[in-house]
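Structure first, commentary second.
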Amino acid sequence: MKKILLSGVKPTGRPHIGNYFGAMKQFVDLQASEKYDCHLFIADYHALNLIQDAAEMRRLTLDLALDYLAIGLDPAQSVIFKQSDVPAHTELAWIFDTIVTMPYLMRAHAYKDAEAKDKELNVGTFNYPVLMAADILLYGTDIVPVGADQKQHVEYARDIALKFNHTFKSEAFKLPEDMIMKDVATVPGTDGRKMSKSYGNTIPLFAEREEIAKAVMGIVTDSSGDVPTNVYAIHKLFRTEADLKPLYEANKGKYKALKEALIEDVDAFVKPLRERRAILAKDEGKVIEILRQGAKKANEAASAKLVEAKKAVGVL
Ligand code: ADP
Ligand code: TRP
């Protein structure tokens, strides 16, 4: 029996190399391993907390589907779908809402960070971990490949599974585990902080060469050492440390030369992805059809668990 794998990304903007190495690359590698039944989705209802413009939502959703296909996700091997196409996610989230407490959700890091910035936080942002727990638990998921920032969300899914099973004397939900790759758990951005869309410190995954060059030249360096730490930390993603050693030895203190080498390496890596994406983008109808087929499979996969949960609570 294959293990069940599930993960999602929000369509909130262009993915960057932090998203790729931290999470999306694992989707492709694990799909190829053939050890898992892979479910990879576009978390559009999660994104709705942020993206509140219909045209933009449609564009970003299609863009992320193209990104998924361009990095190598294959609809013949993985179920690729959009969260809002599977109503069981929001239905199960409501059931969970009735057993999850407010103080428990108030302890979530993401909530605390968001609340510190905006007191008028919407309920969707507060409930974010509940919908995410439903995403995960609906498919009997064993593993959830994500970056380190999502660790607590997977713990919440486990807690919610336990609480449901206990409250309703049920065995409906399996406890999922996160899968976080140690070396890329938190990919640093051009300023050394976590690479994140919200910090403006990203190198976009499908960037053109000029954009890559601009981002790399903007990597913050301090002039105290031979090795520019922030440049090296990103360079490590593209070449082995054994490979980098002679380069950094030969260019001690020469930050510009090292950045130029990094631009070459990033561009060489990104180019085939960029080209594949451009070809896929010519036929959006095909992408929409892939999502439609994915939704069909996901609805089938999710329906048994939802029925089990509804029976357990007594609405069925
Ligand atoms: P962002 O923080 O840029 O908005 P998302 O929240 O859309 O990124 O994250 C999508 C996936 O990428 C998640 O699994 C997340 O853990 C992972 N991820 C995001 N940023 C990084 C990073 N800097 N390093 C490693 N993984 C990351
Ligand atoms: N919260 C995740 C992020 O910000 C996206 C997400 C939504 C997700 N539902 C999920 C990830 C279920 C893994 C499993 O990146």
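When the dipole is taken about the Cα centre of the stretch 54-153, and only Lys, Arg (+1) and Asp, Glu (-1) are charged at their Cβ, what size is it in debye, to the nearest 20?
Result for the stretch 54-153 is approximately 200 debye, rounded to the nearest 20.
Compute from the Cα atoms of the stretch 197-279 the Rg and the Dmax, the latter being the longest Cα-Cα distance, and quote both in angstrom.
13.2, 45
Taking the dipole about the Cα centre of the stretch 61-192, with the C-beta of Lys and Arg at +1 and of Asp and Glu at -1, give me whichever of Leu73, Thr61, Thr141 is farthest to the positive side.
Of the listed residues, the answer is Thr141.
Would you mind working out the accessible area per residue for the stretch 130-173, using a 1.4 Å probe, and quoting it in Å²?
Ligands and nucleic acids excluded, the result is 35 Å² per residue.
Please report, as a whole percent, how much of the solvent-accessible surface of the chain comes from carbon and sulfur atoms (probe radius 1.4 Å).
54 percent
Quickly estimate the mean residue ellipticity at 222 nm for the chain, helices only: each DSSP H run with n ≥ 4 gives -39500 (n - 2.57), and the total goes over all residues, rounded to 500.
-16500 deg cm²/dmol
What distance in nm lies between label points placed 7 Å from Cα along the C-beta direction at Ser303 and Leu175?
In this crude spin-label approximation the distance works out to 3.2 nm.
Relative to the Cα centre, what is the charge dipole magnitude of the chain, using +1 at the beta carbon of each Lys and Arg, -1 at the beta carbon of each Asp and Glu, and rounding to the nearest 20 debye?
Charge dipole of the chain: 220 debye, to the nearest 20.
With axes computed from alpha carbons, what is the tilt in degrees of helix 54-71 against the longest principal axis of the chain, rounded to the nearest 10 within 0 to 90?
70 degrees
When the chain is modelled as a GNM with alpha-carbon springs shorter than 10 Å, which of Val123, Val231, Val86 fluctuates the most?
Maximum fluctuation in the GNM of the chain, among the listed residues, is at Val123.
Any number yet on Rg/Rh for the stretch 184-233, C-alpha, Kirkwood?
0.97
How much FRET efficiency would the formula 1/(1 + (r/R0)^6) give for Lys271 and Asp222, where r is the Cβ-Cβ distance and R0 is 41 Å, rounded to 0.05?
Numbers: r = 31 Å, r/R0 = 0.75.
Once rounded, the FRET efficiency stands at 0.85.
Given the options Gln26, Thr125, Pro87, identify the residue whose Cα lies farthest towards the positive end of the charge dipole of the chain (+1 on Cβ of Lys, Arg; -1 on Cβ of Asp, Glu).
Pro87
Taking a quarter of the surface of the Cα convex hull of the stretch 3-82, what do you get in nm²?
4.9 nm²
What FRET efficiency comes out for the pair Ala257/Glu91, r = Cβ-Cβ distance, R0 = 51 Å, nearest 0.05?
0.35
Taking 0.36 nm per residue of sequence separation and subtracting the Cα-Cα distance, how much length would be gained by fully extending the chain between Arg59 and Ile288, in nm to one decimal?
81.3 nm
Calculate the FRET efficiency for Ala242 and Lys2 from the Cβ-Cβ distance with a Förster distance of 35 Å, rounded to the nearest 0.05.
So the FRET efficiency works out to roughly 0.50.
So what is the orientation-averaged projected area of the stretch 1-141, using the convex hull of its C-alpha atoms, in nm²?
Taking the Cα atoms of the stretch 1-141, their convex hull projects to 9.3 nm² on average.
Once you wrap a convex hull around the alpha carbon atoms of the chain, what is its projected area averaged over all directions, in nm²? Don't skip to the end; give the middle numbers.
Working: hull surface 70.4 nm².
For the chain, the mean projected area of the Cα convex hull comes to 17.6 nm².
The values are calculated or read from the model by the stated rules, or taken from the named source; none is laboratory data. All figures in this text were calculated on a predicted structure; none of them were measured in a lab. Cβ sites come from the backbone with ideal geometry, for glycine too, and all protein chains shown count toward neighbours. The accessibility values were calculated without ligands, DNA or RNA, using every heavy atom of the protein model including side chains. Shrake-Rupley method; radii C 1.70, N 1.55, O 1.52, S 1.80 Å.
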